[in-house]
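A.B. asks: Take a look at this one; I'll ask things after.
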């Protein structure tokens, strides 16, 4: 009788010198391809309106100057897959809204996205869409439409607290878009990626918030041009935003002159290192 359960050279049912499982090898190929694709894309040469709501202005200076992130903080293939899947969910939400009678426009007559640019093209934004007409819901058309696909815990927090409290970056994005697109309100749609539940919130334009964010964007551009950094958002690196920031080691690890409100920027542009 042959015992097939105790063959030498096997570890947990797999030969000790065998390659990783097939699935792991396929996923590695997919992730490597996505990372390579991203690396080959032309980087933004402007400050995106979707980022202006970021609480830390110093981080925005790093991003605008294309400063290299800390080692190991680059986007991995899995994260890029999540980003791409978000576009698929957005397409589904567009289809559902149109089926329900919403006249949702997502492209200009020329075929591009609706958007704006200001500050000589150094600040730009591209919106998901504009609803120009729809069912009688008490809304005044047109309204900005913005969609996000969120994991369950994030979606639940947004549905409970509202976008302004739960997702201030998204809220800032809406305000900047409305300001420069000349729209008085927005419909924010969040999809739960786990259950396909939908959360819709009507967000009114807040001129004061939009002005504050616009001023911050200008301050970021001026600091970057002057080779300076804006103040940190926290007084120690244990602050929760700092712990998740891809520039945290650079920001807190480099010598800084005291507590000066504006510090000289030491990050190099990629071309400066070539």
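Computed from the coordinates by the stated procedures, all read-outs in this text should not be read as laboratory data. Note that this is a predicted model, so its numbers are computed, not measured. Cβ placement follows ideal geometry from the backbone for every residue including glycine, while neighbour counts extend to all protein chains displayed.
A.B. asks: Rounded to the nearest 5, what is the percent of antiparallel bridges among the DSSP beta bridges in the range 49-214?
C.D. replies: Just about 70 percent of them are antiparallel.
A.B. asks: If you stretched the chain out fully between residue 28 and residue 69, how much longer would it get, using 0.36 nm times the residue separation minus the C-alpha to C-alpha distance?
C.D. replies: Values: separation 41, 0.36 × 41 = 14.76 nm, distance 2.21 nm.
Net length gain for the segment: 12.5 nm.
A.B. asks: Further, regarding this structure: Connecting C-alpha atoms closer than 10 Å in a GNM of the chain, tell me which of 235, 106, 67 has the biggest fluctuation.
C.D. replies: 235
A.B. asks: While we're here: Would you mind classifying the range 112-164 by shape? Square roots of the alpha carbon gyration tensor eigenvalues, ordered a ≥ b ≥ c; an a/c under 1.5 is rounded, otherwise it is prolate if a/b is larger than b/c and oblate if not.
C.D. replies: Working: a/c = 2.51, a/b = 1.26, b/c = 1.99.
It is oblate, given that a/c is not under 1.5 and a/b is not larger than b/c.
A.B. asks: Here's another thing I want to ask about it. Please arrange 94, 176 by counting, for each residue, the other beta carbons lying within 10 Å of its beta carbon, fewest first.
C.D. replies: Numbers: 94 18, 176 25.
Placing the least packed residue first, the sequence is 94, 176.
A.B. asks: Would you order 145, 155 from fewest to most other beta-carbon atoms within 10 Å of each residue's own beta-carbon?
C.D. replies: Values: 145 25, 155 22.
By the 10 Å Cβ count, ascending, the order reads 155, 145.
A.B. asks: Another question about this same structure. Roughly what % of Cα-Cα distances in the chain sit above 25 Å, to the whole percent?
C.D. replies: 58
A.B. asks: Starting from the 7 Å offset along Cα-to-Cβ, what nm value, one decimal, do you get for the label separation of residue 44 and residue 233?
C.D. replies: Distance between label points: 1.5 nm.
A.B. asks: Kindly identify the range 146-198 as rounded, prolate or oblate by the Cα gyration tensor criterion: order the square roots of the eigenvalues as a ≥ b ≥ c, call it rounded if a/c is under 1.5, otherwise compare a/b with b/c, prolate if a/b is larger, else oblate. Mind showing how you got there, number by number?
C.D. replies: Values: a/c = 2.84, a/b = 1.98, b/c = 1.43.
Prolate.
A.B. asks: Under the definition of Cα pairs under 8 Å and six or more residues apart, what whole-number percent is the relative contact order of the range 72-137?
C.D. replies: Values: 51 pairs, mean separation 18.3, N = 66.
RCO, the range 72-137: 28 percent.
A.B. asks: Now, a different point. If you wrap a convex hull around the C-alpha atoms of the range 45-146 and split its volume per residue, what is the figure in Å³?
C.D. replies: Working: hull volume 15.4 nm³, N = 102.
So the per-residue Cα hull volume is 151 Å³.
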